Amino acid sequence: MPDFDRLNSDLVLIVDDIPENLSLLHDALDEAGYTVLVATNGESALQRARHSVPDVILLDAVMPGMDGFEVARRLKADFTTQHIPIVFMTGLTETEHVVAAFDAGGADYVTKPIRPQEVLARIAAHMQSARLMRQARSALDAFGQATLAVQPETGRLVWQTPLARKLLGEYFGIDDDNAPQAVRAWIAESAKARRDGHAFPPLTISSGAKRLVFTLHERAGEDEWLLALREESDTAMIEALQAAFRLTTREAEVLYWVIKGKTSPDIGEILGSSPRTVNKHLEHVFAKLGVENRTAAASVAMARIRMGGGEG
């Protein structure tokens with residue numbers, strides 16, 4: 001499993017089949033304060049990258065067996081490693097090979113023979129953004145946030161937190177890097193509404209007594225949208241209201257259905273009580289929330305718990 005707790009060490013994976021190159025680069029990076037991993041072939045590179053999730057990968061382009069271009073393509077096709085910057089090392093300076101390096105997912109390249117100071121400069125250039133990305137993801141993971149970034153044109157999930165991946169699997173039965181069609185269609189409609197200056201409601205996917213709610217936040221890049229997911233249920237919301245305002249269970253139930261726009265007769269039918277009993281509970285709710293009517297009670301309650309922080 002990736003080490004999401006590694007917040008303060010900058011980890012570089014060097015992939016090269018030449019021992020002299022590995023030794024030269026290892027010593028230079030180690031002296032510069034980096035934590036260094038090495039791999040001598042493509043298969044071990046993929047395994048170590050997936051297990052350790054380095055911040056930057058220094059990858060030899062030409063190796064026996066699986067070459068660096070194929071390694072890069074596989075790294076970019078894997079959700080766990082696709083975000084890692086890859087710096088190619090190549091003695092092939094012809095344009096076609098440089099293009100091949102970038103087409104395979106490379107972020108940069110250095111030419112052989114290796115000059116350690118040049119390598120250090122290139123790695124440092126990519127390390128800051130890699131470090132910020134790592135810290136942001138680790139913070140989201142630590143707080144149990146369900147967040148993802150998606151490319152609306154292709155529907156590809158650029159990245160997602162573990163909780164987001166889990167929820168997508170539970171509600172849509174998928175475990176790949178493509179957003180569900182319903183989510184893609186909703187993103188397109190939401191983005192258009194925003195461009196036109198209009199609000200657009202969240203997407204709600206129901207599953208039994210639970211609901212998965214998608215909220216469109218903002219652009220995460222030139223062609224990426226950032227989405228927040230939350231799972232809510234009647235029970236979780238009622239418990240949240242009870243805790244937030246020190247209500248009895250029945251008072252919390254009444255307030256919940258008031259938020260949902262139900263009338264006293266409606267609530268009475270749902271809870272098996274008379275409208276008069278519902279109104280008596282509402283009087284207690286108003287007193288505890290410091291309000292005078294249903295609209296104010298709903299507004300205060302929604303503001304306090306942000307209407308959906310329930311289950312996560």
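Every number in this text was worked out from the coordinates using simple rules, so none of it is lab data. Computed from a prediction, not measured in an experiment: that's the story for all the values here. Glycine gets a Cβ as well: all are built from the backbone with ideal geometry, and neighbour counts include every protein chain shown.
One entry in (1) 81, 50, 30; (2) 86, 37, 32; (3) 49, 46, 37 is Cα extents along the principal axes in Å calculated from the shown coordinates; its label is (2). First check a/c for segment 33-128, with a ≥ b ≥ c the square roots of the eigenvalues of its C-alpha gyration tensor; if it is under 1.5, answer rounded, and if not, answer prolate when a/b is larger than b/c or oblate otherwise. In terms of gyration-tensor shape, rounded. With 0.36 nm allotted per residue and the present C-alpha distance subtracted, the R131-V99 stretch has 8.9 nm of extension available. Rounded to the nearest 500, the 222 nm mean residue ellipticity of the chain from helices alone is -15500 deg cm²/dmol, with -39,500 (n - 2.57) taken per DSSP H run of at least 4 residues.
Think of the chain as having a plus end and a minus end, set by charges on the Cβ of Lys, Arg, Asp and Glu; of G272, H198, A39, G272 sits farthest toward the positive end of this dipole. For segment 172-182, backbone phi angles converted through the Karplus equation (6.51, -1.76, 1.60; θ = phi - 60°) give residue-by-residue couplings of 10, x, 10, 8, 10, 9, 10, 5, x, 4, 4 Hz, Gly and Pro being listed as x.
Compute the signed sum of charges (Lys and Arg +1, Asp and Glu -1) over the other residues within less than 10 Å, Cβ to Cβ, of D177. Walk me through the numbers on the way to the answer.
On the way: positive: R156, R165; negative: D78, D175, D176.
Net local charge, D177 excluded: -1.
How high is the FRET efficiency from T263 to K166, r the C-beta distance, R0 35 Å, rounded to 0.05? FRET efficiency, T263 to K166: 0.40. The simple spin-label model puts a point 7 Å past each Cα toward its Cβ; for A182 and R304 those points are separated by 3.2 nm.
Highest mean packing first, where packing is the average number of other Cβ atoms within 10 Å per residue, the peptides 186-197, 146-157, 247-258, 203-214 line up as 247-258, 146-157, 203-214, 186-197.
Please find the FRET efficiency linking A228 to D67, where r is the Cβ-Cβ separation and R0 is fixed at 35 Å, and quote it to the nearest 0.05.
Working: r = 40 Å, r/R0 = 1.14.
Taking R0 as 35 Å, the efficiency between A228 and D67 is 0.30.
With 0.36 nm allotted per residue and the present C-alpha distance subtracted, the H51-N279 stretch has 76.3 nm of extension available.
Stretched out fully, how many nm does the piece from A243 to E20 gain, at 0.36 nm a residue minus the Cα gap?
Values: separation 223, 0.36 × 223 = 80.28 nm, distance 6.34 nm.
So the chain would gain 73.9 nm between A243 and E20.
The distance linking segment 57-136 with segment 186-255 is 39 Å (Cα centroid to Cα centroid, whole angstrom). Based on C-alpha pairs under 8 angstrom that are at least 6 apart in sequence, the chain has a relative contact order of 11 percent. Computed about its Cα centre, the charge dipole of the chain is approximately 1800 debye, with only Lys, Arg, Asp and Glu carrying charge at their Cβ.
Please state the relative contact order of segment 240-308 as a whole percent: Cα pairs under 8 Å, 6+ residues apart?
Details: 62 pairs, mean separation 24.0, N = 69.
The value is 35 percent.
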